[in-house]
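Q: Sharing a structure here in C-alpha cells format.
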Amino acid sequence: MRKVERDTRIAVTAARVESRKSSTLHLALALCLTFLLISTGNLALTALGRGEAEAAGERNVADWYILGLDARDYASRVVPRVPLSERQWVRHHKVLVVWAKAEPQQDVFNWSYFDQEINARLADGTDSLMLLLTAATPKWARDPSYGDQADKAPPRDLRDWYDFCSRVAEKYGSVVDFYEIWNEPGWDRDSTAWYNYGIYHFGGQVETDYLPLLQLAYQAIKEKDPTGIVVCGDLQCTNDPDPDRGTELYGLLFDDVNRPGQDVSVKVEAARPIVAERPMYFRYNSAWDDGHDSLGAAAPASDWYFAEGCTRPGFNTYLCLQNPGEVETAQVKIDYYCGDGSVIPKSVDVPPRSRLTVAVHGEGLGIGVHDNARGDVSIKVHSKVPVVAERPMYFNYAGMWAGGHDSLGAAAPASDWYFAEGCTRPGFHTYLCLQNPDPEETAQVEIEYYCGDGSVIPKSVDVPPRSRRTVAVHGDELGIGVHDNARGDVSIKVHSKVPVVAERPMYFNYAGSKRGGHVTMGALSPSTVWYFAEGCTGYSIEEYLCLQNPNTDEVEVSLSFMMNRGITLRRSLTLAPRSRTTLCLNYLIGFHGSCDMVTAHPYKNPQDWGRYYANVVNVLRSRGFTGEVVVSEVGWAHGKDEEDGTYVETSDFNEQRQAEAIGPVGVNSLLQNGCRKIWIYRMMDEDPGTSWDQLYSGLFRYDGTKCMAWDMYKQWQQSLFPDYPNLPSSLP
C-alpha cells in the first residue's frame, strides 16, 4: 500500500506548417479477424469527417484526434525493416528523449541520435511529434541522497533539469507539438510495482518530488516554444487490474489545497505602480483553522524589527527570510530579545533568489519552547545584503482562540491608502477603519471600491477631528453590500486631504471550515515592485495574490515565485484599468498551472481501458482540472521470446487478443469514453533476447513482419482518424 492513498490555461495554437499529404491511401486489408470498427450509434466520432478536418488546413493540434505510435530506434530498425507503404500510416510519433543520453556531461550535449530519429520520422511524412523527456538522470547530475534509485530521481541541482528542458524545446520546438514530462512518475519508490516486482520509473517520492520537475519543465518549454503542449506524466500508482483503482494520485496531486505543499516567496514587478496583498487561508497542523493577509514590502532592507513573538506552548512563531538578490548570499544576523532580559544571537545564510524559514520555537536557529517569560520574544534582523522579512504566528491561545497572523510593520497618517484585498461574499465581513488624528479639521474621506466584476463604486464619509469611523464594506450604506459572486471581491482606494490612518479588518468563515480574522494596514502608495517572503501552497493552505491597478490604463505584471532549492518560477499577466485581480497561487504554480494536458496509462485488461480512463477524467474534473486527458501509452503484450528467437504465445497473451485490444475492444473503449489522443506502445519488438521482461508488444515483429494488431491500427487510420497538415520533411 502507498503511504498516501488519497485557468490560467495557455491557448495552444500553432501554425508552423501548411503542407499536406497529397492523398490518403486506402489499402485493402486481409484481416485474420473481422469486426465492425464503428458500430451503429457507437460514437459521435463519425462527425469527425476527414473532409472537415482537412478543409480547415490549420495546425490547431489541441483539437485533433490522434492515434500515434511509440517507435524506438526508428531510423536504424524500423525504416530498414518496415516498408514505407506501411510506415506512412503512422502519422503521429512519440519519441523518447533520455536526459543522460542527450547530455552525457554537464553542458555538453549530443543530439545526433535524436536528430536522426526525428528526421527519419519527418522524412516519412508525420503530422505531429510528442517528445517524452525522462530519465535516466545523467551520472554527473545525480543526487546521492536517493541512493541506488538516483538514476531515475530528480537531480541534485534542479536548475540542471530546467536547462535540459530549455535546450530540448529550443532545438526541436519548430517541429514538436507535445512534451510529456517524465515516464510514469507514479511508479515511484512507494508504488506497488516496486513492492511487488522491483520496478520503478521515478526514484523520488512522486507526492513531493515530481511537481518541481513539472513546474520547471513547463516554464522552460513555454519560454522557448510558447505553443508547445506540456503533458503531465502518468500518475497511476498501482498495477492492480481493477479499473476502479489507481487514480489516487490524480486525486491527491490535483487537489491543490490538500496536496503536499511547497514554500514560496513572491516578487511582483509591474510596468506602472500597483498594490499587492497576499491572503492565506489554512488548516495548520490539522488543528488551527484561520487565515491572514499581508501587504508586501516595497523593497528589501538591511534591518527589520518585530516587537511581537511567542514560543510558549501552543504558539509556533516563524521568521521568513527572502533574499531577492541575483548574485550575493545574505549573511543574516538574528538577535532574539527574550522576555527574561536575555539576548540570544543566531546567524544564517540565505542564498540569492531564495527563501529560508526559521522556526523561532525550534532549537536550531530559534530559542526553543519556553513555558515562562523567556518565551516572549522580540526579533531584530540585520543583513548587509538587503532582504525581506515577515513573522507568521500560529496559535491556540488560552485554549479558546485558534488561528494565526502575519505582519510587516506599521504606518503613519497619509492622504492616500490602498487595499488590494477585500471580500463581501457570504461568510465574510470586511470593515474599513478610519482614524483622523488631526485635532481640528474634519477629514472628508473619499472611498472607491474596485469590484471583481470590473465595476467601480464611489462612496464618501466625514471623519471628525480626533476620532475613528468604521465602515462596513459588506453593508449597503457606505459599503458595496453582500455579493455571492465576483462582485464581492473588492479592492479599496481611500483619499483624504486631511491625512488619516486606515486599516482593513476581515472576519470570515472560509469554505465552511476555516474561521478567523486578520487585519492589515493599507499601502501608502502604489509601487512597481512588491515582495512577499512568506507563502505556502498545499498542506491545507490556500494562498492568493490580490493585485489592484488604480491606474486608468492597463498594466503588464511579471511574477517571480522563489521556491526551495533555488527554484524560480515566472508568470506574467495584464491588469485591467481601475481593477482588482485575484490569483490563486495553489492553482497557478501547482499541477493545474504547470501542464496543459494530463496523461493516463491504462495498465488494465483491454476491455477496461475506457472505464479506467473515464475514472481518471472524473477524478481530475472533480479537482477542477479542465484540460484534456490523453493516453500517451497503451498496448497489450502478445508473445514471449524463446532461445531460438521464435515467439511463443502465452496463456495470458496472444496475437488475436492484442489485435482486439488495438481494435474493437481496447482502443474503441477509449474512444467511446471521450479520449481523443492515443499513442500505442509500441511499433516494433526488440530483437530476440533484448526485451527486459522477455515479453513483446509491438505491432511489428523484430524482423518487420506485421502482427494482426497492425491491421487494426491501420484500419483506424483509414476509417476514422483524419490526415492533418504535415510537419516539414526534416529539421531546419
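FYI, it's all coordinate maths here, none of it is from the lab. Predicted, not measured: the structure shown is a model, and the values here were computed from it. Cβ atoms come from the backbone with ideal geometry, glycine included; neighbour counts cover every protein chain shown.
Q: Among all the aspartates and glutamates, which ones have a C-alpha under 14 Å from K640's C-alpha, if same-chain residues fewer than 8 places away are not counted?
A: E649, D652, E655, D685, E686, D687, D693
Q: Non-local amide H neighbours of L67 (under 5 Å, H modeled in plane, Pro and chain starts lacking H): which ones?
A: I678
Q: Identify the residues of the stretch 310-336 with backbone N under 16 Å of a label point that sits 7 angstrom from the Cα of K380 along the Cα-to-Cβ direction, or state none.
A: Taking a point 7 Å out along Cα→Cβ of K380, the residues of the stretch 310-336 whose backbone N falls under 16 Å are 332-336.
Q: Show me 294-302, 275-283 ranked by packing, highest mean number of other Cβ atoms within 10 Å first.
A: Ranking, from highest mean packing down: 275-283, 294-302.
Q: Right, something else. Classify the stretch 122-196 as rounded, prolate or oblate, taking a ≥ b ≥ c as the square roots of the eigenvalues of its Cα gyration tensor: rounded when a/c is under 1.5, otherwise prolate if a/b is larger than b/c and oblate if not.
A: It comes out oblate by the Cα gyration axes.
Q: For R570 and A486, FRET efficiency with R0 = 22 Å and r from the beta-carbon atoms, rounded to 0.05?
A: The computed FRET efficiency comes out at 0.25.
Q: Hey, what do the phi angles of the stretch 622-631 turn into as Karplus ³J(HN,Hα) couplings, whole Hz, using 6.51/-1.76/1.60 and θ = phi - 60°, x for Gly and Pro?
A: These are the phi-based 3J(HN,Hα) values: 5, 9, x, 6, 9, x, 7, 9, 10, 10 Hz.
Q: Taking the Cα centre of the chain as the origin, how large is its charge dipole in debye, to the nearest 20, when only Lys and Arg (+1) and Asp and Glu (-1) carry charge on their Cβ atoms?
A: The calculation lands at about 680 debye.
Q: Taking θ as phi - 60°, what are the ³J(HN,Hα) couplings along the stretch 460-466 by the Karplus curve (6.51, -1.76, 1.60), each to the nearest whole Hz, with x for Gly and Pro?
A: 8, 8, 9, 10, x, x, 6
Q: Mind ranking 461-472, 174-185, 336-347, 369-380 by how tightly packed they are, going by the mean number of other C-beta atoms within 10 angstrom, highest first?
A: Final packing ranking: 174-185, 369-380, 461-472, 336-347.
Q: Related question: Based on the Cβ-Cβ distance from T528 to C433, what FRET efficiency comes out when R0 is 25 Å, to the nearest 0.05?
A: Result of the calculation: an efficiency of 0.35.
Q: OK, next. Taking 0.36 nm per residue of sequence separation and subtracting the Cα-Cα distance, how much length would be gained by fully extending the chain between N618 and K333, in nm to one decimal?
A: Contour length minus Cα-Cα distance gives 97.5 nm.
Q: Rounded, prolate or oblate for the stretch 465-613? Axes are the square roots of the Cα gyration tensor eigenvalues, ordered a ≥ b ≥ c, and the cut-off for rounded is a/c under 1.5.
A: Cα axes put the stretch 465-613 in the prolate bin.
Q: Calculate, for T705 and A100, the FRET efficiency according to 1/(1 + (r/R0)^6) with r their C-beta to C-beta distance and R0 35 Å; round to the nearest 0.05.
A: Efficiency computed from Cβ-Cβ geometry: 0.60.
Q: Taking amide H positions as placed in the peptide plane 1.01 Å from N, state which residues far from C536 in sequence (5 or more) or on other chains have amide H under 5 Å from it.
A: V264
Q: So what J values fall out for the stretch 322-335 if you push phi through Karplus, 6.51 cos²θ - 1.76 cosθ + 1.60 with θ = phi - 60°, rounded to Hz, Gly and Pro as x?
A: 3J(HN,Hα) across the stretch 322-335, in whole Hz: 10, 10, x, x, 8, 10, 8, 6, 8, 8, 9, 9, 10, 10.
Q: Further question on the same structure: Which of the peptides 194-205, 522-533 is most tightly packed, and how do the rest follow, going by the mean number of other Cβ atoms within 10 Å of each residue?
A: Result, highest mean first: 522-533, 194-205.
Q: Return the distance in nm (one decimal) between the two label points of a simple spin-label model at S560 and S347, each offset 7 Å from Cα along Cα→Cβ.
A: 2.6
Q: If you don't mind, another one. Using 0.36 nm per residue of separation minus the Cα-Cα distance, give me the extension gain between S415 and D244 in nm, one decimal.
A: Between S415 and D244, full extension yields an extra 55.4 nm.
Q: While we're looking at this one, here's another question. Whose amide H sits under 5 Å from the amide H of S632, counting only residues 5 or more places off or on another chain, with H placed in the peptide plane?
A: Amide H neighbours of S632, under 5 Å, 5+ apart: A600, W679.
Q: Could you calculate the contour length gain from E477 to Y507, that is, 0.36 nm times the residue separation minus the distance between their Cα atoms, to one decimal place in nm?
A: 8.9 nm
Q: Further question: In nm, to one decimal, how far is the modelled label at I457 from the one at A359, with both set 7 Å along Cα→Cβ?
A: 4.5
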